[in-house]
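Working notes for the structure below.
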Amino acid sequence: MLSASARLIRLLSLFQAQRSWTGAGLAERLEITERTLRRDVDRLRTLGYTVDSTSGVAGGYRLGAGTALPPLLLEDEEAIAVALGLGNPSDGKGDIENASMRALAKLEQLMPPRLRKRLDSVRASVVPIARGKSEVRLKAVTLFAEACTDRAELRFDYRDHHAKATARTVEPHRVVQTGQRWYLLAWDTAREDWRTFRLDRIVAPVPTGARFAARRLPHGDVAAYMEQALRISPYLHYARIVVHAPAKALEAHLGWVGGVPEAIDEGTTRISTAANSLDALAVWLGCLGHDFEVEIPNELVEHIARVAERLGKAARRRSGARVSAAQTPA
């Protein structure tokens, strides 16, 4: 459901295309009730538009002759929100979509240059994979979107699953909406890897003043990358492993943990995976049956070494016990 401001813009667009409408026809086009339509028409009149109405069976509305668009009476954030809604109508079909595009063109003509620049940044950098209600403020979405467009490095604190904050410096790439969540997809300069950050967990973002060259995503497509990233984001430990085996040979093992294989060549596969404990990752890797290297994180490499040492001690003790038993006289 569009906001009241967005509905007014669509209503004006319909009047510009056809000056006379029946009430039922307008309500159907806008997908609202006739009672809501009457309220919207009254709002247009208070904004200075002349809208004549007729009663009866064929009653309706007509935009008065000579009516011109008045100045834009929306605050900056309101105007951007309306423009985004018009640019991505919920149904995306037919007449409503066409009306949305015409209304958006009219709205942009009313915007001052500084506001059009902000809108262009948001529109170029925001990727709506799925929509839903969210508590994230539009001001935050705009800030990160502009940083993506301007290639402006950001610094902020980020709260993890346990509300523990860590300092991050990132190169913003895209702002992504999926369901009720908003994410920043960015290159983490300290970890030298791509990361996704929930906007509601980012604290005090500020530009560092540095600019950066654009990077290419591993999979190219933002939607595909986010789908993969969100499979493993709920876990505490993220890892990237190179296994010396074809992806098909690893299929039976990928059900143990959340993992996404990426073929490097015919005999080598990179797997992005995650788990809630380093033990789970170490055991999984130990059972793969193929040689591998851990690209990240270093903590997993150290943990595997400790696990291997414990397993080695257990094996040596067992081997020693066998030797002693064999040497004991009958």
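Each value in this text was obtained by applying a stated rule to the coordinates, not by laboratory testing. Remember, predicted model here, so these are calculated numbers, not experimental data. Neighbour counts are summed over all protein chains in view; Cβ atoms, including those assigned to glycine, are modelled from backbone coordinates with ideal geometry.
Once you sort the root eigenvalues of the Cα gyration tensor of region 138-219 as a ≥ b ≥ c, which label holds: rounded (a/c under 1.5), prolate (a/b larger than b/c) or oblate (the other case)? Because its axes are fairly even, with a/c under 1.5, region 138-219 counts as rounded.
How do Thr196, Thr208, Thr273, Thr166 rank when sorted from fewest to most other Cβ atoms within 10 Å of their own Cβ?
The order, fewest Cβ neighbours first, is Thr166, Thr208, Thr196, Thr273.
Between His161 and Ala190, how high is the FRET efficiency from 1/(1 + (r/R0)^6) when r is the Cβ-Cβ distance and R₀ = 25 Å? Nearest 0.05. Walk me through the intermediate numbers first.
Working: r = 19 Å, r/R0 = 0.77.
According to the calculation, E is roughly 0.85.
You can think of it this way: the chain between Arg211 and Val260 has 14.5 nm of extra reach, that is 0.36 nm per residue less the Cα-Cα gap.
Work out the length of the dipole vector of region 138-219 about its Cα centre, built from +1 on the beta-carbon of each Lys and Arg and -1 on the beta-carbon of each Asp and Glu, and round it to the nearest 20 debye.
Numbers: 15 positive and 10 negative charges, 28 e Å.
The calculated dipole for region 138-219 is roughly 140 debye.
Note on Ala314 and Leu236: with the Förster distance fixed at 30 Å, the Cβ-Cβ geometry gives a FRET efficiency of about 0.65.
The modelled label-to-label distance for the pair Val203/Ala4, using points 7 Å beyond Cα in the direction of Cβ, is 3.7 nm.
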